[in-house]
Amino acid sequence: MPPTSLPDVSPPDPSSNHASSEQPAPGRRLKALPGPRPWPVVGNALQVELHRMHQNLADWAAEHGPLFKVTLGGVKVLVVSDAELIGRLLRQRPETFRRPSRMQAVMQEMGIHDGVFVAEGEAWARQRRMVMASFAPQQVRAYFPALLDVAQRLHARWTRAADQPRVEDGFIDLQADLMRFTVDAIAGLAFGTAVNTLASDGDVIQRYLDKIFPAIWRRSLAVLPYWRWVKLPADKALDDSVRQVNLAIRQFVANARMRLHDDPARRLAPPNLLEAMLLAADAPDSGMNDDDVVGNVFTMLLAGEDTTATSLSWMLDLLWRNPDALARARVEVDQVLSPKASMAEWTPEDLAQLDWLEACVHESMRLKPVGPFNVVEALQDTVVGDVSVRAGTPVLLLMRHDTVSDDHFARAAEFLPQRWLPEGSDLAPTNARKLSMPFGGGPRICPGRFLALLEIKLAAAMLLRHFDIQAIDTPDGAPPVEHMALTMVPVGLRMRLKRRRMA
Ligand code: HEM
């Protein structure tokens, strides 16, 4: 989802079935750990700026070491920055750790059915099986024609921008345009019907979703759930948005069922996520019903749109700042794709040959993961590293600590895509892929990662093959600020393009 799930700062539930009455195994006590000095009553909450939370935590990790504590909303939170230990904790799901319960409660209260991102235990395992069936490699290949169609619309939109006679009219708001691209790609696949924000600038459902997604973030972090006592106009509009989106998704489900009924050939290679999920839900013993499918359509939009657009924005910014890497990406794209007369002939196999471009994706996600922290919550008394934690304790995982440290990656601050290829193996530790986890890890690793990689490579290849980049910058020329919301977004990036003369 937001790959950044949020710390649950509500006090642990003493009635939780999972809370064990046994003493935790011996270890250092959480209370005894170092950490920023808490203020009376509010703890460290007021020392954190929400939009810079990842940076605040990184600064504290530099000061207090790989395991430290912070106090948020009256709850002690264990913070971990050691990537190997983080990997071990992520693998201990769903038995020993869960996602924090707050986001699930907020979404349920808003009227959103549980999807695989927030489900837990047996319900999660069933949903995960259904979702994974719709992300199997042959399935993702079946989505390619729909993705190509969206990439062609992005091409048309950027051609119009490149053709603007006045320079100032040709600036592209990079993050906004890439969001249109990923909204059209993912919503199209999740609804089973084309969505076109690239051409029309507006889509009714997307306008509702634009109200819902930020509200999940705000409410998950709210100190007081005021909306339970008094509904402001914004809260009423939110209720209405959720109602409308649920209604629309139910209609998409009904239409998809009709298509599968009318055209049984679709059952062999369903051309979109919705039909693939419905088929997986209908399999004997899946334990899934239409509510689960509706919850997961919602989840795909929430998990798949911002993440992919933001990862693309960061990569294009880094490529522009590293002209040698950019030039090599363009040579590679030309070599692989120049034999094709037009984009319409591109295939997933072509994109699979773009090794340098893929290395650029991994390298930009190392430096700019869209989820710089993840949060889990102990389901039972356990030990993290050498620290005893009680059931219910939130554990905040800093995903970008070891990955940007010279102790692990040579010349860690530099953008060097070759470290992900055999030629640059001296620039990466042997366990590099275990340390850099932009898609998370363990049984809950992002199921959409192959689809996301395909989308990113497709959009970047289209850009490199058809345009000369004139500039990617911010209005003041400074590197873009990292702004933490649902994802860690670059602020103010804009791009200027020129049509490329084809050889
Ligand atoms: C570059 C793009 C993306 C990034 C960086 C990303 C990252 C992540 C991360 C960090 C997690 C949490 C994993 C964990 O807790 O270990 C996650 C979970 C998830 N992602 Fe992605 N994601 C991306 C794209 C997508 C796409 C395109 C989809 C689907 C259309 C998707 C669907 C999901 C789902 C359903 C989960 C929850 C899995 C579970 O809890 O079992 N993601 N993603």
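If one computes the Cα centroid of the stretch 260-284 and of the stretch 34-61, what distance in Å separates the two points?
So the two Cα centres are separated by 48 Å.
Can you run the Rg to Rh ratio on the stretch 28-499? Use alpha carbon positions and the Kirkwood inverse-distance Rh. Don't skip to the end; give the middle numbers.
Numbers: Rg = 22.5 Å, Rh = 23.5 Å.
For the stretch 28-499, the value is 0.96.
With +1 on each Lys and Arg Cβ and -1 on each Asp and Glu Cβ, how big is the dipole of the stretch 108-161 about its Cα centre, in debye rounded to the nearest 20? Numbers along the way, then the final one.
Numbers: 7 positive and 5 negative charges, 91 e Å.
In debye, rounded to 20, the stretch 108-161 gives about 440.
For SER200, tell me the accessible area in Å² from a 1.4 Å probe, rounded to the nearest 10.
Accessible area, nearest 10 Å²: 70 Å².
What whole number of Å gives the distance from the Cα centroid of the stretch 122-193 to the Cα centroid of the stretch 389-449?
26 Å
When the Cα centres of the stretch 315-378 and the stretch 209-238 are compared, how far apart do they sit, in Å?
37 Å
Evaluate the stretch 35-167: find the radius of gyration of its Cα atoms, find its Kirkwood radius, and give the ratio Rg to Rh. Write down the numbers at each step before the final one.
Values: Rg = 22.0 Å, Rh = 19.6 Å.
That ratio is 1.12, to two decimals.
For the chain, with all protein chains present and a 1.4 Å probe, just round the carbon and sulfur fraction of the accessible area to a whole percent. The partial results should precede the final answer.
Details: 11770 of 21590 Å².
It is 55 percent, rounded to a whole number.
Accessible area of SER134, 1.4 Å probe, to the nearest 10 Å²?
Ignoring ligands and nucleic acids, SER134 comes out at about 0 Å².
Quickly estimate the mean residue ellipticity at 222 nm for the chain, helices only: each DSSP H run with n ≥ 4 gives -39500 (n - 2.57), and the total goes over all residues, rounded to 500. Please report the intermediate quantities before stating the final value.
Working: 16 runs with 237 residues, N = 503.
Theoretical 222 nm ellipticity from helices: -15500 deg cm²/dmol.
Accessible area per residue of the stretch 28-499 at 1.4 Å probe, in Å²? All intermediate terms of the calculation are to be shown ahead of the outcome.
Values: 19480 Å² over 472 residues.
On a per-residue basis, 41 Å².
Can you pick out the pairs among LYS236/LYS368; LYS368/LYS434; LYS69/LYS368; LYS69/LYS231; LYS76/LYS236; LYS69/LYS434 whose Cα atoms lie more than 26 Å from each other? Mind showing how you got there, number by number?
Numbers: LYS236/LYS368 36 Å; LYS368/LYS434 16 Å; LYS69/LYS368 24 Å; LYS69/LYS231 35 Å; LYS76/LYS236 34 Å; LYS69/LYS434 24 Å.
Over 26 Å apart, Cα to Cα: LYS236/LYS368; LYS69/LYS231; LYS76/LYS236.
Just tell me which lysines come within less than 27 Å, Cα to Cα, of LYS340; anything on the same chain fewer than 8 places away is out.
Within the straight-line cut-off, LYS340 pairs with LYS457, LYS498.
If amide H atoms are built 1.01 Å from N in the plane of the peptide, which residues on other chains or at least 5 residues away come under 5 Å of the amide H of VAL384?
Close amide H contacts, sequence-distant or interchain: VAL389.
Which order do ARG29, ARG141 take when ranked by solvent-accessible area (1.4 Å probe, heavy atoms of all protein chains), largest first?
Working: ARG29 150, ARG141 125 Å².
From most exposed to least exposed: ARG29, ARG141.
Give me, ordered by chain and number, the residues 5 or more places off VAL481 or on other chains with an amide H under 5 Å from its own placed amide H.
VAL491
By accessible area of protein heavy atoms, probe 1.4 Å, what ranking do PHE144, PHE439 get, highest first? Could you put the intermediate results ahead of the total?
On the way: PHE144 10, PHE439 45 Å².
Of PHE144, PHE439, the descending order of accessible area is PHE439, PHE144.
With a 1.4 Å probe and every protein chain left in place, tell me how much accessible area TRP346 has, in Å² to the nearest 10.
10 Å²
The values are calculated or read from the model by the stated rules, or taken from the named source; none is laboratory data. Since the model is a prediction, treat every value here as computed from it, not as a measurement. Cβ atoms come from the backbone with ideal geometry, glycine included; neighbour counts cover every protein chain shown. Side chains are part of the model used for accessible areas, which takes the heavy atoms of the whole protein and leaves out ligands, DNA and RNA. Shrake-Rupley method; radii C 1.70, N 1.55, O 1.52, S 1.80 Å.
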